[in-house]
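Step one of this worksheet: look at the structure below.
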Amino acid sequence: MMELTVNGKKIEVTDGATIAALLEELQINPLRVAVQLNQQITKRELYESTELQAGDTVEIITFMAGGSQ
């Protein structure tokens, strides 16, 4: 197991986990979020192949509908 910081909270994930595996574990639809890994936006097509490392910082940004009135 390895420790990551996800949206400011420390969590443990399986060694070698990918961004896609993290999103699945957190029950987050990858089509509805953007992922920032160590302050760099990761392209959605790389989620399956981008392995996370111990100590990584991940920000998951959820898209929200709405607008101004």
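Bear in mind these aren't lab numbers, they're just calculated from the coordinates by the rules spelled out. All figures in this text were calculated on a predicted structure; none of them were measured in a lab. Note: ideal-geometry Cβ built from the backbone for every residue, glycine included; neighbour counts use all protein chains shown.
Label sites at M2 and N38, each approximated as a point 7 angstrom past Cα along Cα to Cβ, lie 1.0 nm apart.
If I compute Cα extents along the principal axes in Å from the structure I just sent, which labelled value in [x] 28, 23, 19; [y] 35, 31, 15; [z] 47, 24, 22 lines up? Entry [z]. The loop-placed GluC sites (Glu not before Pro) in the chain, going by DSSP, that have at most 13 neighbouring Cβ atoms within 10 Å of their Cβ come out as E48. Helical runs (DSSP H, four residues minimum) scored at -39500 (n - 2.57) apiece and divided by the length of the chain put the mean residue ellipticity at 222 nm at -2500 deg cm²/dmol. Counting only Cβ charges, +1 for Lys and Arg and -1 for Asp and Glu, the dipole size of the chain around its Cα centre is about 360 debye. Backbone phi angles across the stretch 36-51, fed through the Karplus curve with coefficients 6.51, -1.76 and 1.60 (θ = phi - 60°), yield HN-Hα couplings of 10, 10, 6, 6, 10, 5, 9, 5, 4, 5, 9, 4, 5, 9, 8, 7 Hz in residue order; Gly and Pro are listed as x.
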